[in-house]
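The structure appears below as structure tokens.
The values are calculated or read from the model by the stated rules, or taken from the named source; none is laboratory data. Just so we're clear, the structure is a prediction, and the values are computed from it rather than from any experiment. A quick note on method: Cβ atoms are made from the backbone with ideal geometry, for glycine too, and the neighbour counts reach across all protein chains shown.
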Amino acid sequence: MSRLPVQPFFQTLRGKLLLNQLSRGWISLALLASSILIVGTTAITSYWLVRRIILDNVKTNTLLTVEKAGDDIDQWLATRVTEVETLANQVAIRSMHLEAVIPFLSLEADRLPEYHYLMYAYPNGSYYRTEQGFVKDNKLLKYSYFKQALAGKVNISGLVPSTLGDPQQISIAAPVWSSSPLRRKISKQRAEVRAENLYAFGLSGDPDKQPTPIGALIGVIPLKHIAEVVATIPKLPDSYAFVLDEQGLPIAQPQAENLPPDRNLLHSKNPVWKNISQTMMHHKHGVERVRLGEQWVYVAYVPLRRANWSLALVVPASQVEKQLDGLNTLAFVVAGALAIASLFGFQQIRLLKQAEDHSAELADTNDQLQKEVQERQRVEVELLQSQTDLEHRVAARTAELATANQVLQTSETQLKHQAQQLAKALEELQQTQSQLIQTEKMSSLGQLVAGVAHEINNPVNFIHANLPYAQQYMQELVQLVKTYQASYPNPAPAVQAKAEEIDLEFLIGDLAKVLESMQIGTERIRQIVLSLRNFSRLDEAEMKQVDIHDGLDNTLLILQNRLKAKPDSSDIQVIKQYHNPYPVECCAGQLNQVFMNILANAIDALEEKRQTAPWQAIQEKAELSLSERSTPDRPRSFRAGQYSTLQQPPASSVTDLPTIWIQTAALDDSLEIRIKDNGPGMSEEVQSKVFDPFFTTKPVGKGTGIGMSISYQIIVEKHGGQLLCHSAPNIGTEFVIQIPLLQPRDKALAPDSTRPYEK
């Protein structure tokens, strides 16, 4: 009877122990697994997001590099095209006499080292080549570039098959006309008059009929010169660039061993090269990650504008993806932390297994207790002691698990913070890169302006110097013709017919006007060249004492075309109020850049306003107001589209017209320049951001937002001055520039710093 209550007691005790142990173990395991899953998912997502951002930035930089290289190649080709077209318009070439063509082309071939040889071709295909002589052949008729030149178009060929052992080459062909551009224009006008006369008598005529070329001038350039231009592209290690023509043939490949042996990439056996060349032939641009052989590479490609070609840059993926090393290291650290957490989980599972094994032992013990009632008390003590030990061990493991979970949470927080810092660094890098690109473009623009001015100045001086002799020769020839007419009043029929055909009287009267207009044109070109050279100032020292007024005038001369009236808008008035200031020590080229940015923005604002205002009525009102205010003591001081210098600001009624005021004044130790317009003005919010980088109010694609930021850096940081902006809506905008007369480092060395500057 005593054994009946003992068996239910031990069965109940065993069930409670098993339930408590299993519940605590599985709950801890579930918490650990959830934490590992959340942290792992967050880490993987962050890794791939940051990786994508880094790769997109690298691709963008690579594409920008290729686009800049394409611009350099286009500029080089444009220079070559201009040289060939200029030679084709020379009098010696247009004469079609080999006695004049041969020595002229020989001298030009020695002067232009980029060309392998120069060639003058007749319409029947025969040609004269500087290194070979005259060749009577018609093989040129099959080439497309020669056909286009005979059609009156200047063009650049693709890869031309080599002959007589010559290296691979390309050709630039320009048409040769029998007359000058001005004479062709006069001929067209005469054709139009004749067509109108024929139409009046019921006949028909073709006023648009143009003269056809009498030949073509061809410049042949070896591919090694283009390859030298391509080789200057900034590249990463193990990268290479190449150019494809319109037929898919590589025409410039400094590292030709990296390209497939197929002569035409469009028909390459390699599908990767075939797809890339087809994309380039459709004049697309982009960056692709492809596998070439055993190596992954990035291929960036852009089309060229001057020729029907495409430029490509191949960069190994290992070089591009070096920037991912830090991110991969961080990923390995996070993976290690997750592995440690997994080990803790496995330890918990092992403890749970031990608990299950111990429960089985308790079940066996319970069976033995039924057989050994006499040992009941001893077994109960052992069971309670085992339970206590198990609870202590579980509590210790739970504490260790909580500590590991806290470490994982801390690692997650640090990872998020590092990701935010990396994103911020990438944004700052992009802003800095854009500023560097803009600065480099402005520097390249100044060099280009100076180079163009220098190159134009020499032929203009040559033409200007020979015009007086041409006028004298023309007058002597006209006197000779008149003498012949007086001596032979009844010339032969052939002479009379020729005189009527060329309209001799008109030609004699118009020739003097043509030479006079050429004289005026060359004078204008010399003024423009001088203004461009003064504007760039690349031949001067970095810091030099200059007259600010020259920079302002040169900038206005460059912008003069934008100041003139448009079909739907009025002129922009420019009113100058110059004082005789002290000389200013500054970087003249950079200061001219500031003037260009401020004046260009003022013109943009005025154009925006005058497109919506009834400017015709405003102009009539302003002219009437000026006429009413004009007195002997105060005459009219300006007219539309012209510059003037005033002692006082204009009347308020005149400001109804689009106007820009420029005022200079000498202060104690600085020069003040005020540039004001009566445009739409700016709000306070816009005015507070006007000098911020990348801030612009212009539509997308019409403004970079860097011009005023760079201007602020030039005035404040470079010259130690001040640049202020005052504006109000519907009133206008005024920029105030204050520049020290001398830079601080040179004040002690300046001998006559207090003497006024005299022009």
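Return the residues of the range 388-422 that are more than 46 Å from the chain's Cα centre (by Cα), in contact (Cβ under 8 Å) with a residue 24 or more places away in the chain and farther than 20 Å from residue 33 by Cβ; say none if nothing qualifies. Those that are more than 46 Å from the chain's Cα centre (by Cα), in contact (Cβ under 8 Å) with a residue 24 or more places away in the chain and farther than 20 Å from residue 33 by Cβ: 390, 393. Of everything listed in (1) farther than 25 Å from residue 456 by Cα; (2) touching a Pro at 6+ places or on another chain (Cβ under 7 Å); (3) small (Gly, Ala, Ser), the single unmet condition for residue 152 is (1). Among the residues of the range 64-83, the ones that are of a type in the set (A, V, I, L, M, F, W, C) and under 11 Å from residue 311 (Cβ atoms) come to 3 in all.
Every condition in (1) of a type outside the set (A, V, I, L, M); (2) at pLDDT 80 or above; (3) not assigned by TED's automatic domain parsing to the domain that holds residue 312 is met by residue 9 except one, and the failing one is (2). Whenever a residue of the range 559-581 is surrounded by 13 or more Cβ atoms within 10 Å (Cβ to Cβ), its partners that are part of a loop (DSSP other than H, G, I, E, B) and of a type in the set (Lys, Arg), lying with C-beta atoms within less than 9 angstrom and at least six residues away or across chains, give the pairs 571/564; 571/639; 572/564; 573/639. Total residues in the range 104-151 satisfying the condition of being of a type in the set (Val, Ile, Thr) and under 17 Å from residue 173 (Cα atoms): the figure is 1. When 482, 498 are checked against the criterion of being without any contact (Cβ under 8 Å) to a residue 60 or more places away in the chain, within 25 Å of residue 91 (Cα to Cα) and basic (Lys, Arg), a single residue qualifies: 498. Name the single residue, out of those in the range 474-523 being under 56 Å from the mean Cα position of the chain (by Cα) and of a type in the set (Ser, Thr, Tyr), that is surrounded by the fewest Cβ atoms within 10 Å (Cβ to Cβ). Only one residue tops the list, namely 517. Residue check: residue 96 meets all listed conditions (1) assigned to a helix (DSSP H, G or I); (2) closer than 25 Å to residue 135 by Cα but one, namely (1).
Only residues that are in contact with a helix residue (DSSP H, G or I) (Cβ under 9 Å, 6 or more places away or on another chain) and either without any contact (Cβ under 8 Å) to a residue 60 or more places away in the chain or not assigned by TED's automatic domain parsing to the domain that holds residue 66 (or both) were counted across the range 275-292, and they come to 10.
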